[in-house]
Amino acid sequence: MRKAALLTQVLTVNTVLIVLTVIAALSVGVRLNGDLTGPPPLLVLAAAVLVTILANNFVMRRRFAPLESLTRTMEEVDLAVPGTRAQPSDDEPTDVARLRETFNVMLHRLETERIAAASAVLRAQEAERARLARDLHDEVNQALAAVSMRLAATAEGAPPELADELAETQRLATQAMHELLALARELRPAALDDHGLVPALRTQVRMFGERWSMPASFAADGTRPLLGEFEQIVAYRVVQEALSNVARHAHATRVKVTVMGCNGTEVKVTVTDDGDGFAPDRLNSGRSGLAGMRERALLANARIDVRSIPDEGTTVELTLPARGLRIAS
Ligand SMILES: Nc1ncnc2c1ncn2[C@@H]1O[C@H](COP(=O)(O)OP(=O)(O)OP(=O)(O)O)[C@@H](O)[C@H]1O
Ligand SMILES: [Mg+2]
């Protein structure tokens, strides 16, 4: 069974003590004086209880307020949105101040450890994707290319009745190669590692436009933004998810991706569509896409801003610190 709140417990104990004291005082008074003149004992008792409850409630509530506020902060803390700290309140007793400071130190440690752990998981996941993409590209794709070439060679000397069958098999092999390359690119585009973020995004946007038959433009104010490898991967994945949302939810007629501040201290990557938009409460709908974007931004020490106006469109803006710098929040 859940115990009553501390304040209720203190009030109850105090009330019981006062009642007992009043009863004891009354019986001693009766025994000493032997007369029962004056107000009736029950009235005295009721008045004592009432005054005790009111006075205690008033005093105790003020005393417990700092603890109450600390509890509220503890309940609200979300490690995915770091930076919340319990603030000192007026008349804070020393033991509550100690509790608050200890809680803040613990929070800082938890946030740091969580970021380190999540970042290690994300880096490992990206490394695994890169390895898989390389294997698919270098080995499976090579094998399929060899199959396709042998089929072409076989078709040359094959009897005419097998020609259609061989041509169809070759077509299937070529289609499998294309699908495989698309899968490898989705896992980790070689352009990102070989040429950097801007060419990789340009290709991603072009292919998105072709695939969804939607005008998709790309613009950048430089070719090599001053970003580390991890930050570039984060930017690429955020754009990938934002574009996937445009395709799946926006009903947009056009989309625009920009990379600005390539030579500055902050690099801004934006994805803007002119689609349906969505109400702000969907931002916390608990789905994984937008939450994943936030998580990635947090791990790259970046800021993400999703602005959406129903019937006007959505803009996802990621602000990354240039290499070696921190972003002002
Ligand atoms: N560009 C957009 N235009 C219109 N609505 C959007 C857009 N981006 C997101 N939304 C809305 O916000 C919701 C949450 O998006 P989010 O990416 O988190 O989840 P999801 O795309 O539904 O699922 P998941 O990404 O996990 O596969 C979407 O379901 C959609 O309603
Ligand atoms: Mg999504």
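The values are calculated or read from the model by the stated rules, or taken from the named source; none is laboratory data. Computed from a prediction, not measured in an experiment: that's the story for all the values here. Positions of Cβ are generated from backbone atoms using ideal geometry, with glycine treated the same way; all protein chains shown enter the neighbour counts.
Checking each residue of segment 225-238 against the condition of being more than 16 Å from ligand 2 (Cβ to nearest atom), buried (at least 19 other Cβ atoms within 10 Å of the Cβ) and under 22 Å from Asn141 (Cβ atoms) gives no match.
Name the residues in segment 41-76 that are over 30 Å from the mean Cα position of the chain (by Cα) and either outside the structural domain of Glu92 (by TED's automatic domain parsing) or within 30 Å of His108 (Cβ to Cβ) (or both), would you? Full working, then the answer.
We begin by selecting, within segment 41-76, every residue over 30 Å from the mean Cα position of the chain (by Cα); these are 41-65.
Selection gives Arg62, Arg63, Phe64, Ala65.
For Met74, the criteria (1) in a helix (DSSP H, G or I); (2) more than 30 Å from Ala300 (Cα to Cα) hold in every case but one, which is (2). The sole residue among Thr314, Thr258 that is away from ligand 2 (no atom under 14 Å from the Cβ) and surrounded by 14 or more Cβ atoms within 10 Å (Cβ to Cβ) is Thr258.
Residues that are farther than 20 Å from Gln125 by Cα and small (Gly, Ala, Ser) within segment 179-228 comprise Gly209, Ser213, Ala216, Ser217, Ala219, Ala220, Gly222, listed in sequence order.
Yes or no: Ala86 in contact with a Ser or Thr (Cβ under 8 Å, 6 or more places away or on another chain), touching a residue at least 12 places away in the same chain (Cβ under 8 Å), aliphatic (A, V, I, L, M) and not in a helix (DSSP H, G or I)?
Working: in contact with a Ser or Thr (Cβ under 8 Å, 6 or more places away or on another chain): yes; touching a residue at least 12 places away in the same chain (Cβ under 8 Å): yes; aliphatic (A, V, I, L, M): yes; not in a helix (DSSP H, G or I): yes.
Yes: the conditions hold for Ala86.
Considering the conditions (1) farther than 20 Å from Ala124 by Cβ; (2) of a type in the set (Ser, Thr, Tyr); (3) within 11 Å of ligand 1 (Cβ to nearest atom), Ser288 is excluded by exactly one of them, (1).
Test Glu128 against the stated conditions and say whether it is surrounded by fewer than 12 Cβ atoms within 10 Å (Cβ to Cβ) and of a type outside the set (Gly, Ala, Ser).
On the way: surrounded by fewer than 12 Cβ atoms within 10 Å (Cβ to Cβ): no; of a type outside the set (Gly, Ala, Ser): yes.
No: the conditions fail for Glu128.
Could we say that Gln175 is free of Cβ contacts under 8 Å to residues at least 40 places away in the same chain and either in contact with a helix residue (DSSP H, G or I) (Cβ under 6 Å, 6 or more places away or on another chain) or surrounded by fewer than 18 Cβ atoms within 10 Å (Cβ to Cβ) (or both) here? If you could, list the steps in order and put the result at the bottom.
Numbers: free of Cβ contacts under 8 Å to residues at least 40 places away in the same chain: yes; either in contact with a helix residue (DSSP H, G or I) (Cβ under 6 Å, 6 or more places away or on another chain) or surrounded by fewer than 18 Cβ atoms within 10 Å (Cβ to Cβ) (or both): yes.
Answer is yes for this residue.
Just name the residue that is modelled with the lowest pLDDT out of those in segment 271-287 that are within 24 Å of Gly209 (Cα to Cα) and within 15 Å of ligand 2 (Cβ to nearest atom). Residue satisfying both the conditions and the ranking: Phe278. For segment 178-188, the set of residues classified as assigned to a helix (DSSP H, G or I) and either surrounded by 18 or more Cβ atoms within 10 Å (Cβ to Cβ) or within 29 Å of the chain's Cα centre (by Cα) (or both) consists of Ala182, Leu183, Ala184, Arg185, Glu186, Leu187, listed by residue number. Screening Ala297 with (1) part of a helix (DSSP H, G or I); (2) within 12 Å of ligand 1 (Cβ to nearest atom); (3) among the hydrophobic types (A, V, I, L, M, F, W, C); (4) surrounded by 19 or more Cβ atoms within 10 Å (Cβ to Cβ) gives one miss only, at (2).
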